[in-house]
Amino acid sequence: DPLICLDGTKVVNSKLWIHKRRPEIINLFEQEVYGQSPLNTGPIRFEVLEEVKGALGGKAIRKQVIIHLGKGEKALAVNLLIYSPQFAKQPVPGFLTINFQGNHTVLPEPGIRIPTSWVRNRNGIKDNRAKEKDRGISASRWAIDEIINRGYAFATVYYGDIDPDFHDGFNNGPHALFPPQDPSERKPSDWASIAGWAWGLSRCLDYLEKDSLIDGKRIAVMGHSRLGKTSLWAGASDERFAMVISNNSGCGGAAISRRRFGETVKKINTSFPHWFCDNYKKYNDNEENCPVDQHMLVALSAPRPVYIASAEEDRWADPTGEFLACLNAESVYKLFGFSFGATGKPPVNQPVHGRIGYHVRSGKHDVTAYDWEQYIDFADKYLK
């Protein structure tokens, strides 16, 4: 029950949630699931490489920014790509997204920088280096034209720029910027990759808050699959995000772990041992003893709007478990006077747009135009 404190106190109002129960739950997720991220940013510098008017057929301004994090040989150069409506009369709300294959894959435009950091070997890549031929290869996942047409900015960052997605003992990415005093004594509650990517999204928000074209107080953070897990944790750990969107995030994201349906805690910890802190491995085949479950993660966004999306054929991510997380997070939203709007799982392609948004669409594990139609409509309701 998200409304029962560790000392047995019942949470009966929003003040008690904010000042007592919410900090307890955040701490439990830090200690047992994602790990504890550093409280400071370390050295950070923003380098605006370009600001090009007339993009997307004349309706957008394209901006590319390098976020320099840390100093020395382990320093990171994180590339942020931004499109904003060219003819907006005031700063606009926006979507901050995190992508899998590089900023150059979200649109085929030749001016978008190709990452020089690690990329996963796929689509013929064999040397973990991005290729020119992949420009625009994932454009179907990003409704950039529609986002601009509806008056929003679109920003995206490549997750491999923040933390390469392989297990090297946490010697790369942001973890290398904050090493333990004794590298051999990494704590079981130290942060792992999902927390690292979430920390990187917060550094992107640091920049967006300074961009004169964008309203940094009206930014929705969005991710898909493992990056949907990331967006949920980013929104939970950084309350500056005005809206949180999780697309097909499954185990360790929006799906209830105790169901043990599809991908389980043991399966995910075995396949991806670097995503979660070491303490999370205690709950392999032992989910019922974990002090948190994923409805509590969804609830950490309250009272901000949060959207959870499932896909009918994506059984590995457990659509029913994702819906149940929304349903069981509603009690927290009710403390603030908001409701979910559903009592049972809605039919396929019939979205619910309460303060908690949810849909299960037809199709497989992916991000589609239908998903984005719901996210933009949801943003119209709450960000504008």
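Compare the peptides 66-76, 157-167 by average per-residue count of other Cβ atoms within 10 angstrom and give them in order, highest first.
The packing order, highest mean first, is 157-167, 66-76.
Per residue, how large is the accessible surface of region 189-242? Use a 1.4 angstrom probe and give square angstrom.
About 22 Å² of surface per residue is accessible.
For the chain, what % of the accessible area comes from carbon and sulfur atoms, probe 1.4 Å?
50
Mean residue ellipticity at 222 nm from the helices of the chain, using -39,500 (n - 2.57) per DSSP H segment of n ≥ 4 over the full residue count, to the nearest 500 deg cm²/dmol?
-7000 deg cm²/dmol
Quick check: net charge around ALA153, other residues with Cβ under 15 Å of its Cβ, Lys/Arg +1 and Asp/Glu -1?
It works out to a net charge of +3.
Could you work out how far the C-alpha centroid of region 181-254 sits from that of region 1-46, in angstrom?
So the separation of the two Cα centres works out to 15 Å.
At q = 0.20 Å⁻¹, work out log10 I(q)/I(0) for region 46-151 with the Debye formula, treating every Cα as an identical point scatterer and leaving solvent out; two decimals please.
Values, matching the q order: -1.13.
If you project the alpha carbons of region 17-103 onto the principal axes, what extent comes out on each, in Å, largest first?
49, 39, 25
Work out the length of the dipole vector of the chain about its Cα centre, built from +1 on the beta-carbon of each Lys and Arg and -1 on the beta-carbon of each Asp and Glu, and round it to the nearest 20 debye.
Around 520 debye, computed over the chain.
What is the distance in Å between the Cα centroid of region 320-384 and that of region 47-83?
32
Sequence-distant or interchain residues sharing an amide H contact under 5 Å with ASN349, placed H: which?
Residues meeting the amide H criterion: VAL360, ARG361, SER362.
Over all directions, what mean area does the Cα convex hull of region 240-325 project, stated in square nanometres?
So the mean shadow area of the Cα hull is 5.7 nm².
Calculate the radius of gyration of the Cα atoms of the chain to one decimal place, then report Dmax, the largest Cα-Cα distance, as a whole number, both in Å.
Rg and Dmax of the chain, Cα atoms, are 19.7, 59 Å.
Compute the FRET efficiency between CYS5 and ALA139 as 1/(1 + (r/R0)^6), taking r as their Cβ-Cβ distance and R0 = 56 Å, and round to the nearest 0.05.
0.75
The values are calculated or read from the model by the stated rules, or taken from the named source; none is laboratory data. Keep in mind it's a predicted model, so treat the numbers as computed, not measured. In this analysis, Cβ positions are derived from the backbone assuming ideal geometry, glycine residues included, and neighbour counts consider all displayed protein chains. These area figures cover heavy atoms from the full protein model, side chains too; ligands, DNA and RNA do not enter into them. Shrake-Rupley method; radii C 1.70, N 1.55, O 1.52, S 1.80 Å.
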